[in-house]
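Read-outs: derived from the displayed coordinates by stated rules, not from any lab. Given the structure is predicted, the values throughout are model-derived calculations rather than measurements.
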Amino acid sequence: MKLFYLAMSGLLTVVILILAFENITSSCSDLYLFFWAVPENIGTTMLIFMAEVLGVLTGVCYTNFIHSMGEAADEEEDQNY
């Protein structure tokens, strides 16, 4: 599971960075997500919500990865006794 959390954390972080730097100068009427033009009828509230959901998923992966690293250290200490 550690590898899964680490991979997902890295992948989602890269996706967030790509989306942020790709659209740094675009307005909501000219927004591209991975070479796909977002329709103009999608509101800015929905776009912000989608970015927040992606950020939450990234945070969950980072948190679970760090938590699983701590559990591994506890298991290693128990095996020494």
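Work out, step by step, the length gained on full extension between Leu11 and Ser68: first 0.36 nm times the residue separation, then minus their alpha carbon distance; give nm to one decimal. Don't skip to the end; give the middle numbers.
Values: separation 57, 0.36 × 57 = 20.52 nm, distance 1.82 nm.
Gain on extension, Leu11 to Ser68, equals 18.7 nm.
So between Val60 and Trp36, what do we pick up on full extension, going 0.36 nm a residue minus the alpha carbon distance? Intermediate values should be presented prior to the final figure.
Details: separation 24, 0.36 × 24 = 8.64 nm, distance 2.68 nm.
Taking 0.36 nm per residue and subtracting the Cα distance, the gain is 6.0 nm.
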